[in-house]
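The values are calculated or read from the model by the stated rules, or taken from the named source; none is laboratory data. Since the model is a prediction, treat every value here as computed from it, not as a measurement. Cβ sites come from the backbone with ideal geometry, for glycine too, and all protein chains shown count toward neighbours. All accessible areas refer to the heavy atoms of the entire protein, side chains included, with ligands and DNA or RNA removed. Shrake-Rupley method; radii C 1.70, N 1.55, O 1.52, S 1.80 Å.
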2 protein chains.
Amino acid sequence: MVLVAARNPLNIGAAARAMSNFGFHHLRVVNPYDAAFREARSAVGASELLTNAEEYKTVAEAVADCTVVVGTTAVRHRELQHPLRRLEYGARLIRKHLASSRVALLFGSEKFGLSNAALSHCHWLIRIPTCEENISMNLGQAVAICLYELVRDAKAVQTAEKVKSATAEELERITTTLLQAMRASGYLDRRPIADVEERMRRLVRRLNLPARDAVVWLGILRQILWKLRSGKIPKTEDPRSLRS
Amino acid sequence: MVLVAARNPLNIGAAARAMSNFGFHHLRVVNPYDAAFREARSAVGASELLTNAEEYKTVAEAVADCTVVVGTTAVRHRELQHPLRRLEYGARLIRKHLASSRVALLFGSEKFGLSNAALSHCHWLIRIPTCEENISMNLGQAVAICLYELVRDAKAVQTAEKVKSATAEELERITTTLLQAMRASGYLDRRPIADVEERMRRLVRRLNLPARDAVVWLGILRQILWKLRSGKIPKTEDPRSLRS
């Protein structure tokens, strides 16, 4: 990653932080505003990455050992001298190149972006698909988005920690206890339901209960049932006796 | 978008800027550090979005009218009470919900993330796929990446401004002029090449010249050819006479 003429130490620091978040290691800075770079580098907790950043006087030197040089721009409709690709597509191309060669990704200054001179070193450009109404992004955020797009996994589908669902046996036990509680509370006397067992069974299945929640619900229902019954027939039934 | 207990006015401002970049309009803040929020809101050039941000005392109030509440977290392996999805996949689900209902996306404070109390209002969580070594992201950058993922177009394929390639006729004219220049310079006398015409034709095709570059190259070659010839037979041939 190459930052050209960055002005703001916070942005240089933010760029370095995003690189570390997404596993990129080589930061080069071209002609940074001296004070900004010194400040960013000497900030408390400045990363190794920032301390090891290489400083260059010109873009040509900074990208000399790279096979592909990609610039970033917010501009969309200006007559550009370069092929301009949306990030989603450009990142795919960059990933391909990265497999076999070194790619430089250039970001310009906060205020003016990349100069025409800097752009002339680029093979092509990418743009982040921002709204017409506000195309100008914060430098640190733009860097973070580009790097994220480079590491994102289009096939990432499911949760890291998969939630274990309740078994049919647990759901059936909940259904039974729920029906007992409904009867004990007098609910079914006041509102008789046709095919009540089937309906409640389906109602419980629609909850899509995770295994660990099923245990909690069963405990709650049993306690309620115990209380309901003990109200009529005090203490003849202990909740523990309901445990199968 | 809901920011819970954000501390740093720069981050609140950065979150608002990313929202404006990607076309999101409703910012809600829960219990921000008062000074931070006032400072962000009154910053020079604070966006309308920030000025219109709604302030809430509790997460419950901030998400009351939303159908789906999604939290963000950096944590990966902790025993979470929620399904945890990678951003790539979670964003797809959010987009589906957004078609028919209101979704709240919650971000916690810079220092501690979302509290367990705030998390308990969430239906599920997303995490940005950062490296093991540094999972903690800057708040403004995390917001920007999440919003980018929500608007990114997986099918975005080609450049906005497609580069027009040179025609076969232009390439052939370049090949001819190049051959003439090679002969005139004596290159072919010193290094004879078998099948020189075919080889040069292929060499020129491999340049994949854009139409506008072909014109420039032809002009340069013609000028060189003119100079080469005028060296021997002064001024008998004018470069303009080479134009077909």
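Work from the charge dipole of the protein assembly as shown (Cβ charges, +1 for Lys and Arg, -1 for Asp and Glu, about the Cα centre) and give the residue of B:SER109, A:SER230, B:ALA154 farthest towards its positive end. The residue sitting most towards the positive pole is B:ALA154.
Contact order normalised by length for the range B:57-135, with contacts defined as Cα pairs under 8 Å and 6 or more residues apart; what percent is it? Let's see the in-between values first.
On the way: 100 pairs, mean separation 40.5, N = 79.
Relative contact order of the range B:57-135: 51 percent.
Give me the base-10 log of I(q)/I(0) for the range B:11-57 at each q in 0.17 Å⁻¹, Debye formula, one uniform scatterer per Cα, rounded to two decimals. Here log10 of I(q) over I(0) equals -0.41.
Taking every alpha-carbon pair under 8 Å whose residues sit at least 6 apart, chain B reaches a relative contact order of 19 percent.
Given an 8 Å cut-off on Cα distances and at least 6 residues of separation, report the relative contact order of the range A:6-115 as a percent. Mind showing how you got there, number by number?
Numbers: 111 pairs, mean separation 31.2, N = 110.
Contact order relative to length: 28 percent.
Here the sum of -39500 (n - 2.57) over DSSP H runs of 4 or more residues, divided by the residues of chain B, equals -14000 deg cm²/dmol at 222 nm, to the nearest 500. Where does helix B:196-205 land angle-wise versus the long Cα axis of chain B, in degrees 0 to 90, nearest 10? Between the helix axis and the principal axis of chain B, the angle is about 20 degrees. Scoring A:138-146, B:95-103 by mean Cβ neighbours within 10 Å over their residues and listing the highest first yields A:138-146, B:95-103. Straight-line cross-link reach from B:LYS227 at under 13 Å between alpha-carbon atoms covers these aspartates and glutamates, not counting any fewer than eight positions away in the same chain: B:GLU237, B:ASP238.
In this structure, the amide hydrogen of B:CYS131, modeled 1.01 Å from its nitrogen in the peptide plane, lies closer than 5 angstrom to those of A:PHE22, A:GLY23, counting only residues at least 5 positions away or on a different chain. Taking the longest Cα principal axis of chain A as reference, the axis of helix A:139-151 is set at about 70 degrees.
When the P(r) is computed for the protein assembly as shown, the part past 30 Å accounts for 61% of the Cα-Cα pairs.
Spacing of the modelled spin labels on B:ARG199 and B:ASP65, each 7 Å from Cα toward Cβ, amounts to 7.5 nm. For the range A:18-112, the carbon plus sulfur part of the accessible surface works out to 52%, probe radius 1.4 Å.
The same position B:VAL216 in the other copies lies at 6.6 nm from this copy, comparing label points 7 Å beyond Cα toward the beta-carbon, shortest first.
Kindly report the accessible area of the range B:73-147 per residue (heavy atoms of protein chains, probe 1.4 Å, no ligands, DNA or RNA), in Å². Can you show the working numbers first?
Values: 3400 Å² over 75 residues.
Result: 45 Å² per residue.
Cα centroids of the range A:93-150 and the range A:1-73: 13 Å apart.
For the range B:1-132, count all C-alpha to C-alpha pairs, find those more than 21 Å apart, and express that count as a whole percent of the total.
Values: 3394 of 8646 pairs.
In whole percent, the share of Cα-Cα pairs in the range B:1-132 beyond 21 Å is 39.
Helix B:168-185 axis versus longest C-alpha principal axis of chain B: approximately 50°, rounded to the nearest ten. Starting from a label point 7 Å past Cα on the Cβ side, list the distances from A:GLU172 to the same position in the other copies, nm, shortest first. Counterpart label points of A:GLU172 in the remaining copies fall at 8.2 nm. Copy-to-copy label distances for B:GLY23, where each label lies 7 Å from Cα along Cα-to-Cβ, are 3.2 nm in order of increasing length. Accessible area buried by the pairing of B and A, both sides summed with a 1.4 Å probe, works out to roughly 4000 Å². The calculated FRET efficiency for B:ARG183 paired with A:GLU48, based on their beta-carbon distance and R0 = 45 Å, is about 0.20. Taking every alpha-carbon pair within chain B, the share separated by more than 31 Å comes to 49 percent.
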